[in-house]
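Some notes on the structure that comes next.
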Amino acid sequence: MTIDTAYFHDVCINILYGSVVVLTFVVVERLVYYGLLALRTRKLGAVVHGSGHVPATAFRSRDLLTRSLATYVGALRSPGATREALEDLSATLFIKVSGKVEARLWVLDTIVTAAPLLGLLGTILGIMDTFNALSSGGISDPAAVSRGIAAALLATAVGIGTALYALLGLNLLHRVEGHLNDEFKRLILGSHSLPESEVRIALNAARHGLEGGRGVASQTAMQET
């Protein structure tokens with residue numbers, strides 16, 4: 001069976017170009033998402049670490065970070081809460097938040113590993129196509145041979161460039177992701193200092209985020225009954 005090496009060489013390069021588009025989308029999407037989380041974290045930090053009255057809207061956002069913190073604050077002051085139970089809950093919430101923050105980073109990790117190998121495969125196929133043409137006597141111009149080898153090496157260059165691009169994006173996102181996870185830990189630890197009178201706000205907000213479709217007023221009524 002004869003393998004069309006020229007065709008598969010082109011396929012490898014097209015896959016690499018597609019990988020550049022995918023990793024660009026992931027990097028931009030994650031940076032925008034991290035930016036929104038950072039703004040929310042800053043607002044929550046001002047509430048948790050600040051002093052004075054907690055605004056009624058502080059914990060009423062439906063994003064995962066706010067709902068997780070509100071859930072922990074509600075459990076923190078609930079009757080019968082034990083240290084072990086709170087530690088388990090904080091670990092569970094941290095895993096949930098970190099999993100959401102780290103979503104899609106595996107795509108960049110995969111591209112970092114696969115792009116150089118795919119580029120090398122494309123180069124091998126391109127060189128094989130050039131040698132096949134030489135063996136069949138189809139190329140008599142040495143310049144044409146050089147152009148064929150240069151075209152084959154293009155796949156390696158694109159593969160290495162793609163991997164480098166993905167590696168830089170992955171390192172940047174990992175740094176921001178680690179900072180956001182650390183900030184969530186600080187929010188969890190700082191929530192122990194929230195005034196007793198303000199815990200009802202967080203608990204109502206947590207129920208609002210988990211149950212959905214119910215107004216905050218009806219949730220307050222349910223809790224008081």
Worksheet item: What pairs can you find where one residue is in the stretch 72-90 and over 16 Å from residue 185 (Cα atoms), the other is modelled with pLDDT under 85 and part of a helix (DSSP H, G or I), and their Cβ atoms are less than 6 Å apart, with a gap of 6+ or different chains?
Response: 74/202; 74/203; 74/206; 77/199; 81/75
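Residue-wise test of (1) more than 23 Å from the chain's Cα centre (by Cα); (2) at positive phi; (3) at pLDDT 65 or above; (4) not in a helix (DSSP H, G or I).
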position: 124; (1), (2), (3), (4): yes, no, yes, no
position: 155; (1), (2), (3), (4): yes, no, yes, no
position: 159; (1), (2), (3), (4): no, no, yes, no
position: 169; (1), (2), (3), (4): no, no, yes, no
position: 200; (1), (2), (3), (4): yes, no, no, no
position: 207; (1), (2), (3), (4): yes, no, no, no
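Per-residue answers, yes or no, for (1) surrounded by 21 or more Cβ atoms within 10 Å (Cβ to Cβ); (2) among the aliphatic types (A, V, I, L, M); (3) touching a helix residue (DSSP H, G or I) at 6+ places or on another chain (Cβ under 7 Å):
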| site | (1), (2), (3) |
| --- | --- |
| 94 | no, no, yes |
| 97 | yes, yes, yes |
| 106 | no, no, no |
| 135 | no, no, no |
Worksheet item: Looking at (1) crowded, with 21+ Cβ neighbours inside 10 Å; (2) modelled with pLDDT of 80 or more, can you tell me which one residue 75 breaks?
Response: (1)
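The values are calculated or read from the model by the stated rules, or taken from the named source; none is laboratory data. In this text, all values refer to a predicted model and were calculated from it rather than measured experimentally. Here Cβ is always computed from backbone atoms with ideal geometry, including for glycine, and neighbour counts include all displayed protein chains.
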